[in-house]
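First up is the structure itself, then whatever we jot down about it.
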Amino acid sequence: MTENPFFETWGTPFGLPPFDRISPEHFAPAFDRAMDEHDAEIAVITASPAAPTFANTIEALERSGRLLDRVSRVFFNLDGSNTNDALEAIARDYAPKLAQHQTRIALNERLFKRISELHAQRETLGLAVDQLRLIERHHLRLVRSGALLRSEQKSRMAAIAERLAVLHTLFGQNVLHDERDWQLTLDEVDLDGLPDFTRAAAAQAAKDRGLAGRWLVTLARSSAEPFLTFSSRRDLRRSSWEAWTARGTHQGANDNAPLIREIVALRAEQGRLLGYANFAAYRLDDSMAKTADAVEHLLTQVWEPAKAKAGAELAELESVARREGLNEPIEPWDWRYYAEKVRQAQYDLDEAEVKPYFVLDNMVQAAFDTARRLFGVTFTERSDVPVYHPDVRVWEVRDNAGDHVGVFVHDNFLRPGKRSGAWSSRYRDQEDLDGAIAPIVVNNNNFAKGAPTLLSFDDAETLFHEFGHGLHSLLSRVRYRSQSGTAVRRDFVEFPSQIFEHWMSAPETLRSYARHYQTGEPIPEELLRRLLAARTFNQGFATVEYLGSALLDLELHCEPSPQKLDLARFEREFLDRIGMPREVGLRHRQAHFQHLFAGGGYAAGYYAYLWAEVLDADGFAAFTEGGDVFDPELAARLKTIYSAGDTCDPMELYRAFRGRDPKIDALLEQRGLTADK
Ligand SMILES: [Zn+2]
């Protein structure tokens, strides 16, 4: 057997993983050894005869599990971005083992005793602010894992965590298989209405799947959404819509319905064991929102105006549809198509006219330059480093003084072994406990590759969104790894990403970077004006589509005994009760709602985007009110939030930046939901 790269020091530039030397068979032995090492490190902490101190317990804990962290980061990033049968099998095998391992440590009584003792005396230990918070977070984490429970309850908590890890893994794999297997094959006669760039992407998708000379629509958002927007073939739009929204429900080996029932039942039990009425109460107790009532209050404040706006939009869609000869009601597979017609008529704005100005490489450069102007960091491409796929690009990040800040890995294109959606992750977190360790950050998107790749306005926003998360990890300046970058509460983590989106649509940015892919000409002023004027267009639809999913998530996780639910009926009845317009359709049906079920991170937490939007809309308004979106003093205050990680309370961070509490007005304004609009 060849040497296992995980057991060596990496001599690669910046300590990037030596992707060219890592193969699937290295993971199992690496995971096994890493868990053993971690156990041994914990044993040293708990066996210490010395009284617990911050250094011999909390800092020792921060230093533990290094190999496991390294193996896990490489494994889960590759499994998300570039998986295959071998990696999927390892994921199924190790998800429960890793969960078991983590629970065993979280429920280690001797470890908890030491941390509890320190926690009780924390105010008298002479600790710095970040250290105090670190003790509190470790203590709370163990309590929330079940450290205070009786022993049989602890065993049950461990069994639940292990089973959930299996179910989450299977859920994500099922969605991926569905997305990989389904396709709508088109002949030339089926392309009616599709603009050139959509045809080109469909031709490329066909080529990728060995059907050169034909055209394909897949279940990827970047393929399905343009098709639904432009195809004048109502029958094909319907097929595409039905397949797209049925992801995860196709009966047979990849059916997610039974998994969801078990997942929500186990979560509810988890909440009950810890003394909460339901899972949402447990989950939200450790969030900015704190309670389901607070979340519901926010969501319903936006729900009614959003529904009213969607109703007005529907009326416009209907009148266009009638003129075009559609005499039946508008269906969910019609909305995007007729909305595009209304947009063309009302704003004289045509997606096909806009897209040639959004070249991927230019928008990436725009994101880099925005980061330079706001936060003083520069990006230099490196082609001498190992990558896991030829499409992946790597950049070194430096600060104004020329010092190394970190590494940014960009993985932008759709491919069969890649999870859908867009996300930011890390191969290594920033920390400074035993000397500076620089972060290695990766952003994933799922853009359809073209020559050159052209983005929609929404795609460009997504690019900036993930890059905002990336900056949150890159600009992190903390001492302890577990407080690094994005290790903040879930309903705060979307603030740095969402506020960064605002710079994409700033006229300053568009004038410089939105350039025609053939002529290089900047976007005409008059088109720019129409583009920005149309920003609140269809926001009733988008808000309702999102809120329907967020409200459903909350309702499902507020159920005390969800094991008895008929989920399809539950969804139907709930949507009826809240008056979900049937023409809109949910952004995520349960069976492919990966935020909720391919992991636990956003369970009872999908509201987080809107929660953070209150902050990002209000926060960006600080820049526009002052008339300079690059105002250096404000940018410096904002940078503090990106650098603080989880060393402070998020609302305190926000107040220090804004000088006051957030207000909801800017959010309603930016979605066009104020009464006078
Ligand atoms: Zn995000």
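Points to keep in mind about this one:
- Cα centroid separation, the range 508-539 to the range 541-573 (Å): 38 Å
- Alpha-carbon radius of gyration plus Dmax, which is the widest Cα pair, for the range 85-201 in Å: 24.2, 77
- Surface accessible to a 1.4 Å probe, per residue, for the residues of the range 257-389, Å²: 41 Å²
- Compared with the alpha-carbon gap, the fully stretched path from residue 451 to residue 285 is longer by 54.9 nm at 0.36 nm per residue.
- Taking the charge dipole of the range 332-375 about its Cα centre, with +1 at Lys and Arg Cβ atoms and -1 at Asp and Glu Cβ atoms, the residue from 365, 354, 333 reaching farthest to the positive side is 365.
- In Å², nearest 10: area of residue 389 left accessible to a 1.4 Å probe: 40 Å²
- Neighbour cut-off at most 14 other Cβ (10 Å), DSSP loop, chymotrypsin sites (Phe, Trp or Tyr not before Pro), the range 563-649: 630
- Extension gain, residue 235 back to residue 458 (0.36 nm per residue minus Cα-Cα distance, nm): 77.7 nm
- Residue 529-residue 48 pseudo-label distance in nm [points 7 Å out on the Cα-to-Cβ vector]: 6.8 nm
- For residue 313, the accessible area of its heavy atoms, probed at 1.4 Å with every protein chain present, is near 10 square angstrom.
- At an R0 of 45 angstrom, the distance between the Cβ atoms of residue 277 and residue 93 translates into a FRET efficiency of 0.80.
- Normalised by 2.2 N^0.38 Å, with N the number of residues, the alpha-carbon radius of gyration of the range 568-677 equals 1.38.
- Nonpolar atom fraction for the range 240-288, defined as the carbon and sulfur part of the 1.4 Å probe accessible area, stands at 48 percent.
- Accessible surface for residue 70 stands near 70 Å², nearest 10, in the context of the full protein assembly shown (1.4 Å probe).
- Normalised by the number of residues in the chain, the mean separation of alpha-carbon contacts (under 8 Å, six or more apart) gives a relative contact order of 16 percent.
- The length gained on full extension between residue 56 and residue 246, counted as 0.36 nm times the residue separation minus their Cα-Cα distance, comes to 63.2 nm.
- Theoretical ellipticity at 222 nm over the chain - DSSP helices of four or more residues, -39500 (n - 2.57) apiece, nearest 500: -18000 deg cm²/dmol
- Here the Kirkwood formula puts the hydrodynamic radius of the range 514-553 at 12.5 Å, using every distinct Cα pair.
- Calculated FRET efficiency for the pair residue 398/residue 323, C-beta based, R₀ 56 Å, to 0.05: 0.50
- Spin-label pair residue 665/residue 353, simplified geometry with 7 Å Cα→Cβ offset, distance in nm: 3.4 nm
- Based on the Stokes-Einstein relation at 20 °C and a viscosity of 1.002 mPa s, and on the Kirkwood radius from alpha carbon pairs, the chain is assigned a translational diffusion coefficient of 81 µm²/s.
- Rg over Rh, two decimals, the range 132-284 (C-alpha only, Kirkwood Rh): 1.21
- The packing ranking, built from the mean of other Cβ atoms within 10 Å per residue, places the peptides 498-506, 460-468 in the order 460-468, 498-506, highest first.
- Evaluated at q = 0.14 Å⁻¹: base-10 log I(q)/I(0), Debye formula over Cα of the range 1-106: -0.62
- Note on the range 1-65 and the range 324-375: Cα centroid distance 47 Å, given to the nearest whole angstrom.
- Prolate/oblate/rounded call for the range 28-82, Cα gyration tensor, a/c under 1.5 rounded: oblate
- Accessible area, probe 1.4 Å, largest first, for residues 663, 207, 307: 207, 663, 307
- Apportionment of accessible area to carbon and sulfur, the range 367-415, percent (1.4 Å): 43 percent
- Taking the range 397-464 and dividing mean pair separation by its residue count, relative contact order in percent (alpha carbons under 8 Å, at least six apart): 33 percent
- About its Cα centre, the chain has a charge dipole of approximately 1160 debye under the convention of +1 per Lys or Arg Cβ and -1 per Asp or Glu Cβ, with nothing else charged.
- Heavy atoms of the protein chains alone define the surface here; on that basis the range 507-602 has 42 Å² accessible area per residue at 1.4 Å probe size.
- Paramagnetic reach from residue 561 (point 7 Å along Cα→Cβ, amide N under 18 Å) across the range 247-287: 261-280
- Residues of the range 35-66 with an amide N closer than 16 Å to a point placed 7 Å from the Cα of residue 109 along the Cα-to-Cβ direction: 46-47.
- For the range 54-141: accessible area per residue (Å², 1.4 Å): 42 Å²
- Prolate/oblate/rounded label for the range 264-381 (Cα gyration tensor, a/c 1.5): oblate
- Distance from the range 582-608 to the range 194-231 (C-alpha centre basis), Å: 25 Å
- Ranking 670, 291, 74 by how far each Cα lies toward the positive end of the dipole of the chain (charges on Cβ) leaves 291 at the top.
- Total charge dipole magnitude, the range 242-282, about the Cα centre, Cβ charges on Lys, Arg, Asp, Glu only, Debye to nearest 20: 140 debye
- Inter-label distance for residue 345 and residue 12, nm, one decimal - labels placed 7 Å from Cα along Cα-to-Cβ: 5.4 nm
- Nearest-20 debye value, the range 5-95 charge dipole, Cβ charges on Lys, Arg, Asp, Glu: 220 debye
- 449, 355, 564, ranked by accessible area, largest first (probe 1.4 Å): 564, 449, 355
- Computed over all pairs of different Cα atoms, the Kirkwood value for the hydrodynamic radius of the range 465-572 is 18.1 Å.
- Carbon and sulfur %, accessible surface of the range 425-541 computed with the full protein complex present, 1.4 Å: 46 percent
- R0 of 25 Å, Cβ-Cβ distance residue 389-residue 177: FRET efficiency to nearest 0.05: 0.80
- Three-way shape label, the range 260-302, alpha-carbon gyration tensor, a/c 1.5: oblate
- Given charges at Cβ of Lys, Arg, Asp, Glu: the chain dipole, positive-most of 376, 275, 65: 275
- 559, 179, reordered so the largest accessible area comes first (probe 1.4 Å): 559, 179
The values are calculated or read from the model by the stated rules, or taken from the named source; none is laboratory data. This is a predicted model, so every value here is computed, not measured. Using ideal geometry, Cβ is built from the backbone for each residue, glycine included, and neighbour counts are taken over all protein chains shown. Side chains included, ligands, DNA and RNA excluded: accessible areas come from the protein's heavy atoms. Shrake-Rupley method; radii C 1.70, N 1.55, O 1.52, S 1.80 Å.
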